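For reference, the structure is listed below as structure tokens.
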Amino acid sequence: MQAITITNENFEAEVMKSEKPVLLDFWAPECAPCLMIAPIIDEIAQEVDYAKVAKINVRDAPELAAAFGAMSIPLLAVVKDGAVVNQVLGARPKEAIMELLTPYKL
């Protein structure tokens, strides 16, 4: 599965009402660390079927960035049952990002 692009319009359905946990990648096109982890996020989206992987461009959806307190990016957050259950700031290697989802692997 591809990483889903989250907008104000699909946020509620794709994230808040998701039956699976959702890994959210808050990013912006001018953010070098964001661009460094983008291929990793895409790889994880292809490999993981027990969670959704989604991206939020903070320039396109500043309201969502504010709601998550994304003062700096990249910000990775895991949302389960409509609540943030984990989040980390900054670029991380693939293994560290996968560890955010490990508790939800069945």
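The values are calculated or read from the model by the stated rules, or taken from the named source; none is laboratory data. None of these values were measured; they are calculated from a predicted model. Glycine gets a Cβ as well: all are built from the backbone with ideal geometry, and neighbour counts include every protein chain shown. Ligands, DNA and RNA are excluded from the accessible area calculation, which covers all protein heavy atoms including side chains. Shrake-Rupley method; radii C 1.70, N 1.55, O 1.52, S 1.80 Å.
Going by what's in this entry, would Gln2 be described as assigned to a loop (DSSP other than H, G, I, E, B) and closer than 20 Å to Lys94 by Cα? Yes; evaluated as a whole, the condition is true for this residue.
When the residues of the stretch 43-52 are filtered to those that are more than 16 Å from Thr5 (Cβ to Cβ) and not acidic (Asp, Glu), the one that is surrounded by the most Cβ atoms within 10 Å (Cβ to Cβ) is Ala51. Listed by first and then second residue, the pairs linking a residue in the stretch 24-42 that is closer than 18 Å to Met98 by Cα to a residue that is among the polar types (S, T, N, Q) and open to solvent by 40 Å² or more (accessible area, probe 1.4 Å), with Cβ atoms under 8 Å apart and 6 or more places separating them unless they lie on different chains, are Asp42/Gln2. Please work out if Lys55 is surrounded by 19 or more Cβ atoms within 10 Å (Cβ to Cβ) and of a type in the set (D, E, K, R). Yes, satisfied.
This table checks each residue for (1) surrounded by fewer than 18 Cβ atoms within 10 Å (Cβ to Cβ); (2) under 12 Å from the mean Cα position of the chain (by Cα); (3) at pLDDT below 95.
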residue	(1), (2), (3)
Met1	yes, no, yes
Thr7	yes, no, no
Asn10	yes, no, no
Ala13	yes, no, no
Ser18	no, no, no
Ala28	yes, no, no
Pro33	yes, no, no
Met36	yes, no, no
Ile41	no, yes, no
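Scanning the stretch 69-87 for residues being within 21 Å of Glu30 (Cβ to Cβ) and either modelled with pLDDT of 95 or more or open to solvent by 30 Å² or more (accessible area, probe 1.4 Å) (or both) gives a total of 8.
Taking the conditions (1) more than 14 Å from the chain's Cα centre (by Cα); (2) modelled with pLDDT of 95 or more; (3) charged (D, E, K, R) in turn, Asp49 satisfies each one other than (2). Scanning the stretch 91-106 for residues that are surrounded by 13 or more Cβ atoms within 10 Å (Cβ to Cβ) and part of a loop (DSSP other than H, G, I, E, B) turns up Ala91, Arg92. Flag not set for Pro62, criterion: modelled with pLDDT of 95 or more, under 28 Å from Leu106 (Cβ atoms), open to solvent by 10 Å² or more (accessible area, probe 1.4 Å) and not charged (D, E, K, R).
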